[in-house]
Amino acid sequence: MTGPVLRALGLRRRFPHPSGDVEVLRGLELSVDAGELVTVSGRSGSGKSALLALLGGFDSPDSGRVLLGGEPVDGAPPWHTCAVLPQALGLAPELTVAENVALPLRLQPGGDRDGIDARVAGLLGDLGVGALSDRYPGEVSFGQQQRVALARAVSGRPKVLLTDEPTAHLDAASKPAVLRLLRRCANEGAAVVVATHDDEVHAAANRRVRLADGVIMAASG
Ligand SMILES: Nc1ncnc2c1ncn2[C@@H]1O[C@H](COP(=O)(O)OP(=O)(O)OP(=O)(O)O)[C@@H](O)[C@H]1O
Ligand SMILES: [Mg+2]
């Protein structure tokens, strides 16, 4: 029997603030299986991004644990294990669009140049930004950067994909390709967690949950 790929157990996270500490996560529990796309909704400031930072090993909980493949997460795992598309994207400005997307593949052992180039071109083409391959992130729009950052997150076929508001800057025409790609990642076996306010993303999910009062609740509607 295989258990969940990703588990959050009793996560607590408090941030200091001059007017009183904010306890953002209060014993949060979440399990995500391989092949499952879970969307996390919740009001602005409810802690969705804070949760993804903990799940991705970029932040540490005050108490509780994150397990990835049954092993405790201690620092950010390699991209082919867990890839993160943060709200702020985090593209490398000195690398071209194509070089950014290729980065996780180049960091994996055994990748051949032609295979990497084909994967990068395929992803960028699927997302409608293939013509931008040789530009630098500063030379493309934010919505285009967002799709490039998604292509980079998925290029190494990670076991876990964490994405934060991946459709926030997209127009209606660009969104279906992003939804298809997220769905494809889950269908190919990744555990996918998407923080989003977007009903169209929720509609593509296997399961919708809501973050409120520092814990996960079943989403309504
Ligand atoms: N590093 C930090 N230091 C202090 N406070 C923080 C930090 N990170 C998050 N917070 C606080 O934690 C709360 C949750 O923030 P978070 O960014 O996770 O919300 P969110 O649900 O992602 O909101 P949005 O929908 O606007 O992206 C907020 O009150 C925020 O101010
Ligand atoms: Mg956020």
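The values are calculated or read from the model by the stated rules, or taken from the named source; none is laboratory data. These numbers come from a predicted model, not from an experiment. All Cβ positions, glycine included, derive from the backbone under ideal geometry; neighbour counts span all protein chains shown. Please note that ligands, DNA and RNA were not included when accessible areas were found on the heavy atoms of the full protein model with its side chains. Shrake-Rupley method; radii C 1.70, N 1.55, O 1.52, S 1.80 Å.
Observations on the structure shown:
- Any hit, the stretch 58-68, residues being of a type in the set (Val, Ile, Thr), more than 25 Å from Asn100 (Cα to Cα) and within 14 Å of the chain's Cα centre (by Cα): no
- For the criterion of being within 16 Å of ligand 2 (Cβ to nearest atom), of a type in the set (S, T, N, Q) and at pLDDT 95 or above, Thr96 fails.
- Single residue of Ala121, Ala172, Ala168 found to be within 16 Å of ligand 1 (Cβ to nearest atom) and aliphatic (A, V, I, L, M): Ala168
- For the stretch 75-84, the criterion of a residue being open to solvent by less than 40 Å² (accessible area, probe 1.4 Å), within 24 Å of Met217 (Cβ to Cβ), within 16 Å of ligand 2 (Cβ to nearest atom) and under 18 Å from the mean Cα position of the chain (by Cα) is satisfied by at least one position.
- Verdict on Gly90 being over 21 Å from Thr163 (Cβ atoms), of a type outside the set (Phe, Trp, Tyr) and in contact with a helix residue (DSSP H, G or I) (Cβ under 8 Å, 6 or more places away or on another chain): no
- Hey, Ser31 closer than 19 Å to Arg207 by Cα, within 14 Å of ligand 1 (Cβ to nearest atom), crowded, with 16+ Cβ neighbours inside 10 Å and touching a residue at least 24 places away in the same chain (Cβ under 8 Å) or not: no
- Across the stretch 191-221, the qualifying residues are those that are within 18 Å of Ala168 (Cα to Cα) and free of Cβ contacts under 8 Å to residues at least 24 places away in the same chain, and the one among them that is most open to solvent (accessible area, probe 1.4 Å) is Asp199.
- Qualifying residues in the stretch 47-71 (those that are without any contact (Cβ under 8 Å) to a residue 40 or more places away in the chain and on the phi < 0 side of the Ramachandran plot) - the one nearest to ligand 1 (Cβ to nearest atom): Ala50
- All of (1) surrounded by 15 or more Cβ atoms within 10 Å (Cβ to Cβ); (2) in contact (Cβ under 8 Å) with a residue 12 or more places away in the chain hold for Asp134 with one exception: (1).
- Of the residues making up the stretch 134-178, those that are closer than 16 Å to Leu95 by Cα, assigned to a loop (DSSP other than H, G, I, E, B) and touching a Leu at 6+ places or on another chain (Cβ under 8 Å) are Tyr136, Val140.
- Val192 meets each of the listed conditions (1) within 16 Å of ligand 1 (Cβ to nearest atom); (2) in contact with a strand residue (DSSP E or B) (Cβ under 9 Å, 6 or more places away or on another chain); (3) outside any helix (DSSP H, G or I) apart from (1).
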